[in-house]
Amino acid sequence: MTSALAPSHDDIAALERGSTLLGCGGGGPTPLAASLLRRWTAGKALPRLLDAAELPPDAPVIATGIVGATAALAEKPPGGAEFPAVVEAVAAATRTRPHAVMGIEVGGVNGVMVFAAAAVLGLDVVDADLMGRALPRLDQLASAAAGRPLAPVALAGGSGPTAVFDGIDDRATERLARSFLPEAGGWASVAFAPLRAADIANAAIPGTVRRALHLGRTHLALPVAGDARTAARALGGELLCDGRVLEVVRHRTRRTFAQGTVTVVDDAAGALTRVEMENEYLLALTDGTPVASTPDLICLVDRRTGSPVGCDQVRAGLDIAVLHLPGAAFWRHPDRIGRVGPRAFDLAHPPVLLDRPWTGGSDPADRAGRAAGAAR
Amino acid sequence: MTARPPTLADVCARPAWTGVAALAGAEHLHRPLTEVVVARDLDAVRPAAGALIAVLTPVTGADWRIDAALRRLADAGACGLLVSGRAAPLRATAILADRVGIPLLGTDDDIVALAVGLRELLSAPEMDRARLLVRAHEALSRRGTTPKEVAATVAALLGARVWILSGEGATLAGDPVEVEGFRTAPPMVQRHPHGRGVALFAPVPAHDADHADLWMGVLLDQNDAAWEETARGVAAVATMALRCWRADRRVEIERDARLRATVLGELLRLDGEPSAELRNRAGDLGWRLGGWHLGFHIGVPDGVDVLGSTAELLSALEAEGIQATLVERHDGWSGWVTLGSEPAPDAVGTVVNGVRRTQRRLARLASSHVGIGRAHAGPAGISATLGEAADAARLAANRREVGRFLHIDRLGLAQLLLAWTRTDTFQPAARDLLAPLSGQPGELDRTLAAYLDAESNLTETAAVLGVHRNTVAARIARVEALLGVDLGSADERLALHLACHTVLGDR
């Protein structure tokens with residue numbers, strides 16, 4: 001059995017980097033969340049990171065985070081009160097007291113924000129989230145995929161309003177949440193119906209926070225100008241392409257999310273790796289052959305700075321390594337893959353995945369982390 | 001058809017495919033095409049070796065599925081991808097098309113129609129050809145289709161450059177291409193490689209079949225055997241139409257020629273003033289019977305197409321400033337220029353020189369002989385001047401030294417006749433005539449010549465020869481006996497006189 005881990009302030013950088021990688025080019029401005037977390041926990045310890053198994057089986061855990069437009073988040077950052085507002089609203093609606101919180105989305109801003117929320121709430125963080133990466137829609141939450149109702153859902157806008165939706169299905173929840181966002185100022189904090197600690201193993205994706213920490217630490221430890229293939233292997237994945245961005249095309253036509261295409265020409269082989277994006281990097285083709293897709297992770301890393309490059313940042317001329325990292329095993333289940341595979345993004349192709357998915361336990365570095373935690 | 005399968009480049013050169021653009025991978029259009037496969041959309045693409053994959057549902061240039069399809073086509077050994085719409089693809093897609101060697105074609109035309117047409121072309125090339133030939137036949141079988149219309153029709157059917165030349169190579173219709181190796185004879189279909197394509201020349205043979213009346217040139221963009229075969233078929237239909245047009249023209253020309261010949265015949269037989277009816281008929285032809293007429297006769301060897309050359313001759317004379325009336329004759333043309341008053345010598349000189357230059361310039365007249373008569377007045381003057389011109393032309397036929405050209409002027413008639421005695425025709429005849437006298441004692445030929453020069457006066461002849469008068473009489477008697485002639489006859493005297501001049505003058 002594993003046991004509680006107490007991340008220190010020194011781990012925030014690793015958490016930020018790891019969450020950014022898991023964001024797959026999307027998930028919002030992680031550095032903003034990191035700076036909020038540092039500010040809100042200044043002079044205090046960070047919230048503890050628990051395994052769900054450490055909680056009593058019936059202990060309620062509420063998933064919380066931010067939804068909406070990430071650009072608006074930078075304009076008007078959260079003040080802190082948004083999280084108690086939604087968590088307490090859900091607790092009241094369900095007549096429960098949460099033992100801990102968990103993230104809704106480990107990729108991007110929410111991967112870090114859950115610690116900030118927990119700090120404000122004075123609760124621990126359960127090592128799990130509802131996506132295992134960044135994804136754009138509420139039907140792509142693990143609990144929804146596992147058949148758990150999202151409602152009651154509470155939303156609180158940065159500008160004040162709070163709303164609780166109950167007794168509605170997931171589709172209506174998504175619709176109502178989206179209609180609430182403009183009123184709320186573009187983004188809102190959110191809390192979903194509690195999960196029992198014992199259900200987290202099946203209705204959430206456990207271990208993803210440790211994975212973020214591990215990926216972040218590993219990536220930060222790599223030399224910036226080092227070999228890209230070595231870096232990809234160290235992160236548990238493969239290198240798709242190492243070269244210069246030939247062309248970035250963005251279409252703002254079909255849906256609310258910005259779509260586009262990035263093409264990188266491999267320095268050595270001259271091969272063209274084309275990455276289709278819609279908020280996140282979704283599908284990669286090398287010389288026309290699909291080589292990677294959701295729910296696996298496609299990450300673009302700037303070869304000059306070593307930093308992950310977001311979909312909104314990538315531009316022609318950058319030197320880029322395209323990485324393919326394994327996605328969570330949770331999504332490979334035949335009943336769930338339809339929600340997150342390429343077809344869920346109107347990309348008519350079956351998923352193209354690494355041989356082995358990420359399963360919390362099989363990650364050697366992750367085991368080392370748990371061992372370190374156990375030793376404390 | 002056993003020809004090699006066409007390439008995409010061949011197909012794209014066809015008229016039905018002019019709306020198809022190579023959006024990417026244009027360097028890879030030269031693989032043999034064996035099949036066309038229609039796919040509902042990019043997701044349904046099932047590539048096959050040698051196939052063109054035609055996708056019905058329109059795509060945007062940025063669609064990643066184009067890339068995926070290009071790759072699958074390349075892996076399957078397919079020929080190309082045809083999509084609906086001509087939007088430029090992403091740079092990445094264009095580079096990929098080149099990398100995998102698969103051309104990406106786009107069109108706003110009906111993909112199904114293109115695919116069906118292509119399938120037919122590939123599975124049954126003769127169907128495609130037959131359809132085009134039927135269309136050619138329909139378009140060209142109308143009577144009176146001019147060369148210009150034929151060229152335009154064939155150009156539209158084949159989507160090729162088409163032009164029509166005269167038998168000598170002058171442009172009649174279209175915009176000709178200089179093609180190396182083209183010859184105006186013999187009248188057989190010619191094929192010459194030209195650039196990346198092929199130039200075909202189809203003749204309309206003349207009635208004598210050793211040269212062409214017309215040539216039709218067709219320039220095909222691609223060297224595609226099947227398409228060339230089709231083009232040859234269309235060209236055959238087109239040359240049939242051209243032959244028809246020529247035959248119609250010929251009938252018109254002959255009708256006109258016959259009319260002119262009839263009126264001229266009556267003028268030549270004119271005795272006194274022409275009847276009002278003849279004046280009218282001449283007037284209908286635009287002939288002026290009054291004034292002064294300066295006639296010429298152009299004789300040509302057998303085998304020259306006189307009727308077919310009249311128009312060319314008229315325009316050549318016109319180019320020399322000569323407004324002549326021409327009438328076709330059995331051996332060439334009679335022609336004359338009508339002037340208001342008696343022509344001054346320099347006016348005559350202008351006509352003479354113009355006719356002479358025309359004779360030299362026209363290739364058709366290379367072996368012609370030309371005579372020009374004197375100017376004569378009035379309706380009867382036409383007959384007179386043409387008679388002189390015909391005589392002069394007859395004489396000119398043997399006078400290579402003057403370019404087979406003779407002009408009878410006022411002073412030159414006698415010289416002309418004398419000159420005739422030196423012709424190749426007359427000289428052997430003269431020698432034959434006097435042959436019995438040679439080898440006989442008594443200088444019979446000289447005695448005969450002197451006797452005739454002395455106007456049959458025995459005494460004067462004896463004085464000239466320095467012999468006795470009786471000797472002369474005896475010799476003349478022997479001459480009459482040897483030659484079997486009667487020197488009392490004026491005709492026989494004249495003939496012998498000319499013969500003596502010729503034979504003795506030669507010595």
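The values are calculated or read from the model by the stated rules, or taken from the named source; none is laboratory data. Source: prediction; values computed, not measured. No Cβ is skipped: glycine too gets one built from the backbone with ideal geometry, and neighbour counts run over all protein chains shown. Surface areas here come from the heavy atoms of the whole protein model, side chains and all, with no ligands, DNA or RNA. Shrake-Rupley method; radii C 1.70, N 1.55, O 1.52, S 1.80 Å.
Using 1/(1 + (r/R0)^6) with R0 = 60 angstrom and r between the beta carbons of B:ASP248 and B:ASP486, what's the FRET efficiency to the nearest 0.05? List each step's numbers first, then the result.
Numbers: r = 61 Å, r/R0 = 1.01.
Rounded to the nearest 0.05, the efficiency is 0.50.
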- Task: For chain B, find the longest principal axis of its Cα atoms and tell me its angle to the long axis of helix B:91-100, 0 to 90°, nearest 10.
- Result: 80
- Message: I'd like to know which of B:HIS330, B:LEU458, B:ALA316 lies farthest towards the positive end of the charge dipole of chain B, counting +1 on Cβ of Lys and Arg and -1 on Cβ of Asp and Glu.
- Response: B:ALA316
- Can you list the residues of segment A:265-310 whose accessible area drops by at least 50 Å² going from the chain on its own to the full set of protein chains, with a 1.4 Å probe? A:LEU272, A:ARG274, A:ASP287, A:GLY288
- Item | Angle in degrees between helix A:30-40 and the longest Cα principal axis of chain A, rounded to the nearest 10 | 40
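Just the number, please: Stokes-Einstein D of segment B:125-246 in µm²/s, Kirkwood Rh from C-alpha pairs, 4 °C, 1.567 mPa s. Please report the intermediate quantities before stating the final value.
Details: Rh = 14.1 Å.
The Stokes-Einstein estimate is 92 µm²/s.
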- With at most 14 neighbouring Cβ atoms within 10 Å, loop GluC sites (Glu not before Pro) (DSSP) excluded, longest segment of chain B: B:181-442
- Query: Nearest-5 percent of antiparallel DSSP beta bridges in chain B?
  - Reply: 75
- Mean accessible surface per residue for segment B:297-382, computed with a 1.4 Å probe while every protein chain stays in place, in Å²: 42
- Query: Heavy-atom accessible area of A:HIS99 with all protein chains present, probe 1.4 Å, nearest 10 Å²?
  - Reply: 100
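Can you tell me, using C-alpha contacts under 8 Å and at least 6 residues apart, the relative contact order of segment B:270-412 as a whole percent? Don't skip to the end; give the middle numbers.
On the way: 263 pairs, mean separation 43.2, N = 143.
Normalised by residue count, the contact order of segment B:270-412 is 30 percent.
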- Query: Can you give the charge dipole size of the protein assembly as shown about its Cα centre, rounded to the nearest 20 debye, using +1 on the beta carbon of Lys and Arg and -1 on the beta carbon of Asp and Glu?
  - Reply: 1840
- Item | Of all DSSP beta bridges in the protein assembly as shown, antiparallel share, percent nearest 5 | 80
- Please determine, in degrees from 0 to 90 and to the nearest 10, the orientation of helix A:364-375 with respect to the longest principal axis defined by the Cα atoms of chain A, where the helix direction is its Cα long axis. 30
- In nm, to one decimal, how far is the A:ALA221 label point from the B:THR57 one, both placed 7 Å along Cα→Cβ? 4.8
- Compare A:PHE180, A:PHE192, A:PHE330 in a GNM of chain A, Cα atoms joined below 10 Å, and give the one with the largest fluctuation. A:PHE180
- Query: Using the Karplus equation 6.51 cos²θ - 1.76 cosθ + 1.60 (θ = phi - 60°), what ³J(HN,Hα) coupling, rounded to whole Hz, does each residue of segment B:140-150 give in order, writing x for Gly and Pro?
  - Reply: 10, 7, 4, 5, x, 5, 7, x, 4, 5, 4
- Query: Residue by residue, what Karplus-based ³J(HN,Hα) values in Hz, rounded to whole numbers, does segment B:123-129 have, using 6.51, -1.76 and 1.60 with θ = phi - 60° and x for Gly and Pro?
  - Reply: 7, 9, x, 5, 4, 4, 5
- Separation in nanometres of the label points that stand 7 Å from Cα toward Cβ, at B:THR459 and A:ALA234: 15.3
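Say R0 is 51 Å: what FRET efficiency, to the nearest 0.05, do A:ARG171 and B:ARG196 get from their beta-carbon distance?
Values: r = 61 Å, r/R0 = 1.19.
E between A:ARG171 and B:ARG196, to the nearest 0.05, is 0.25.
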- Query: Can you list the residues, at least 5 places off or on another chain, whose amide H is less than 5 Å from the amide H of A:ALA6, using H built in the peptide plane?
  - Reply: A:LEU49
- Item | Sequence-separation-based contact order of chain A, relative, with Cα cut under 8 Å and 6+ spacing, percent | 19
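Counting only C-alpha contacts under 8 Å and six or more residues apart, can you give the relative contact order of segment B:164-215 as a whole percent? Walk me through the numbers before you get to the answer.
Numbers: 83 pairs, mean separation 18.9, N = 52.
Worked out over segment B:164-215, it gives 36 percent.
From the helices alone, meaning DSSP H stretches of at least four residues, give me the mean residue ellipticity at 222 nm for chain A, per-run term -39500 (n - 2.57), in deg cm²/dmol to the nearest 500.
Numbers: 12 runs with 114 residues, N = 376.
Theoretical 222 nm ellipticity from helices: -8500 deg cm²/dmol.
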- Note on the structure: For A:LEU32, A:LEU235, the accessible-area ranking with a 1.4 Å probe, largest leading, is A:LEU32, A:LEU235
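Counting each DSSP H run of 4 or more residues in chain B as -39500 (n - 2.57), what helix-only mean residue ellipticity at 222 nm follows after dividing by all residues, to the nearest 500 deg cm²/dmol? Walk me through the intermediate numbers first.
Details: 17 runs with 239 residues, N = 507.
Helices in chain B give a 222 nm mean residue ellipticity of -15000 deg cm²/dmol.
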- Message: Out of all DSSP beta bridges in segment A:9-209, what portion is antiparallel? Express it as a percent rounded to 5.
- Response: 70
- Query: How big a patch of accessible area, both sides summed and in Å² to the nearest 100, lies buried between B and A at a 1.4 Å probe?
  - Reply: 1500
- Note on the structure: Reported to the nearest 10 Å², A:ASP51 has, with a 1.4 Å probe, an accessible area equal to 20
- Task: Note the full-extension length gain between B:SER166 and B:ALA113 as 0.36 nm times their separation in residues minus their Cα-Cα distance, in nm to one decimal.
- Result: 15.1 nm
